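*Asks:* Handing you a structure now.
The values are calculated or read from the model by the stated rules, or taken from the named source; none is laboratory data. As the structure is a prediction and not an experimental result, all values here were calculated from the model. Reconstructed Cβ throughout: ideal geometry from the backbone, glycine too, with neighbour counts over all protein chains shown.
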Amino acid sequence: MTRRIDRLSEDDRILWNLVARTAKPLKGKAVDMPDMVVEAKPVPPPAPAAASPAAAAKPKTQHVSHALDDQTLNKLAKGRLPIEGRVDLHGMTQDEAYSLLFSFLHRAHAGGIRYVLIITGKGSSSGGDGVLRRAVPAWLSTPAFRPLVSSHDHAARNHGGSGALYVRLRRTRA
């Protein structure tokens, strides 16, 4: 097996930074953080009127994306249409989740991927709906995500049910 020695792209550095901040060292082990950890570049706000992703969580009817058609939804649920990418937002703050989601969808779109699964979790531990469960569909309908996202809908039970979303990305222009 040949070992690849490549430099990380800026998006991979952002992703690494998010993961590295959540990692806890093993008991009795020294913390050894590699040099590739850098601060994440700022992501544009989700909407001009909103100062944070929390403010953008309230959906506006004029910005709602179209839901997936029934035939596509059934094919995704039954595995006849491949889900080419996944991102899990469990345990993240809204700002971390927004940054990761934006960079993930941007990379997936650039790579020509059509269908992805976004796992938000159900968030019922505090007795109410999860913050990310409510916020992510609203984010996908904002102008920042509009060039990337064609449509989205709740996932089938075997893919996470109401704690996950299927997203169809727009086609890349040749």
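*Asks:* Of all residues in the range 144-174, how many are within 18 Å of Ser99 (Cα to Cα), out of contact with any Leu (no Cβ under 8 Å at 6 or more places or on another chain) and surrounded by 13 or more Cβ atoms within 10 Å (Cβ to Cβ)?
*Replies:* Looking only at that region, the number is 2.
Conditions tested, residue by residue: (1) surrounded by 15 or more Cβ atoms within 10 Å (Cβ to Cβ); (2) within 26 Å of Ser9 (Cβ to Cβ); (3) in contact with a helix residue (DSSP H, G or I) (Cβ under 6 Å, 6 or more places away or on another chain); (4) not hydrophobic (A, V, I, L, M, F, W, C).
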{"residue": "Arg86", "(1), (2), (3), (4)": "no, yes, no, yes"}
{"residue": "Leu89", "(1), (2), (3), (4)": "yes, yes, yes, no"}
{"residue": "Leu100", "(1), (2), (3), (4)": "yes, yes, yes, no"}
{"residue": "Ile119", "(1), (2), (3), (4)": "yes, yes, no, no"}
{"residue": "Leu140", "(1), (2), (3), (4)": "yes, yes, no, no"}
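*Asks:* In the range 111-143, which residues are part of a helix (DSSP H, G or I) and hydroxyl-bearing (Ser, Thr, Tyr)?
*Replies:* The answer is Ser124, Ser125, Ser126.
*Asks:* Residues of the range 66-110 being in a helix (DSSP H, G or I) and of a type in the set (A, V, I, L, M, F, W, C), which ones?
*Replies:* If the condition is that a residue be in a helix (DSSP H, G or I) and of a type in the set (A, V, I, L, M, F, W, C), then Leu73, Leu76, Ala77, Ala97, Leu100, Leu101, Phe102, Phe104, Leu105, Ala108, Ala110 are the ones that fit.
*Asks:* Would you tally the residues in the range 156-174 being closer than 15 Å to Gly123 by Cβ and either of a type in the set (Phe, Trp, Tyr) or not in a strand (DSSP E or B) (or both)?
*Replies:* 4
*Asks:* What single numbered condition from (1) modelled with pLDDT under 90; (2) under 15 Å from the mean Cα position of the chain (by Cα); (3) among the hydroxyl-bearing types (Ser, Thr, Tyr) fails to hold for Ser65?
*Replies:* (2)
*Asks:* On to the next question. Looking at (1) in contact with a Phe, Trp or Tyr (Cβ under 8 Å, 6 or more places away or on another chain); (2) closer than 14 Å to Arg170 by Cβ; (3) modelled with pLDDT of 90 or more, find the lone condition where Phe102 falls short.
*Replies:* (2)
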